[in-house]
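First up is the structure itself, then whatever we jot down about it.
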Amino acid sequence: MSEEKKEKAEEKTYALFLGCVIPIQIPHIEKLARDLLPKLGINIVDADFSCCPFYGVRDIDEKEWLVTAARNLALAEEQKIDIISLCNGCSQTLIEANHALQDKELRAEINEVLKKINKQYNGTVKVYHFLMVFDSMKDQIKALIKKPFHGLKIATHTGCHLLRPSKIIGFDEPEDPKKFDDFVKLIGANSVDYHHKALCCGYTQVTNEKDMSLDLMKDKLDELNEKRVDALTVCCPSCYLQYDKNQVLIRSKFKVEYKIPVIHALQLLGLAIGMRADEVFLQKNRSITEDFMQKIK
């Protein structure tokens, strides 16, 4: 097989699921994904997806939650492709809903509602968070690395919704996750293990339970400071906002200033394969320091 044919054979097409947070609050991550994923041999197409929906809807009405999720799954099924999600919460919702809809009786009940909009879901779609896809293509990614992060100490934060419920999500060990660390090692950096790795970022509590949210974040940042990490990398838009944007809230409450750069996993990989800092939109990250910029040069 020629190299060209081999490369095409390794490509796969997914429906890109953005969720709500990325397009509204951090659209540069969407732009980066659209630029980066094709460079990895991941073809992406769009569908008329709605909100996933996350737990707010599920808490009110389980059936409405399933109908909305099933409609999203049906849109990918119509194109005969699986879903790649950029959001931990969306991944969890769609994977859990997909798992529930493998029950034929329940799926038939949901399809009765979907008939009203001429949709039907037959249970054939698989849903992947982008880290799951990356984990299955380590050799392809490793071959693309041009600027490995040799010597940099990078801590990972996988986030709650990519780890639990573990029997359904099936990605990693919920109390001692390693997959994200494998990704960091793949791009040449040193992965830093730490006690609070699986601790919630606290983003969902930042409005109603602000003190609890900030306490959770401070516990993690304190430990990362002690470990003298060069950066914290995240793979979830909510976790990204919490650690990158809300470090200023920590300073305000505790009179402590952290200078821990927070970088999205897609930004990290983009840099490693040779994209420029402005091409991965590092200028959008509030926590990036001049010291970190010098290190990645």
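The values are calculated or read from the model by the stated rules, or taken from the named source; none is laboratory data. Bear in mind that the values here come from a model prediction, so they are computed numbers and not experimental data. Note: ideal-geometry Cβ built from the backbone for every residue, glycine included; neighbour counts use all protein chains shown.
Data overview
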| item | result |
| --- | --- |
| Among the candidates K153, K126, K147, K179, residue that is assigned by TED's automatic domain parsing to the domain that holds L232, modelled with pLDDT of 95 or more and surrounded by fewer than 16 Cβ atoms within 10 Å (Cβ to Cβ) | K147 |
| Among (1) within 16 Å of the chain's Cα centre (by Cα); (2) buried (at least 21 other Cβ atoms within 10 Å of the Cβ); (3) at negative phi; (4) touching a residue at least 60 places away in the same chain (Cβ under 8 Å) - the single one Q25 does not satisfy | (2) |
| Among residues of region 59-103, those that are within 21 Å of the chain's Cα centre (by Cα) and in a loop (DSSP other than H, G, I, E, B), counted | 3 |
| Candidate set from region 62-100 (those that are touching a Ser or Thr at 6+ places or on another chain (Cβ under 6 Å) and farther than 17 Å from P165 by Cβ); member that is surrounded by the fewest Cβ atoms within 10 Å (Cβ to Cβ) | I81 |
| Test: residue in region 140-157 that is outside any strand (DSSP E or B) and of a type in the set (S, T, Y) | no |
| Any chance L221 is more than 28 Å from K39 (Cα to Cα), modelled with pLDDT of 95 or more, assigned by TED's automatic domain parsing to the domain that holds K146 and surrounded by 17 or more Cβ atoms within 10 Å (Cβ to Cβ) | yes |
| Matching residues in region 254-285 - criterion: being of a type outside the set (V, I, T) and exposed (fewer than 14 other Cβ atoms within 10 Å of the Cβ) | K255, E257, K259, G274, R276, D278, Q283 |
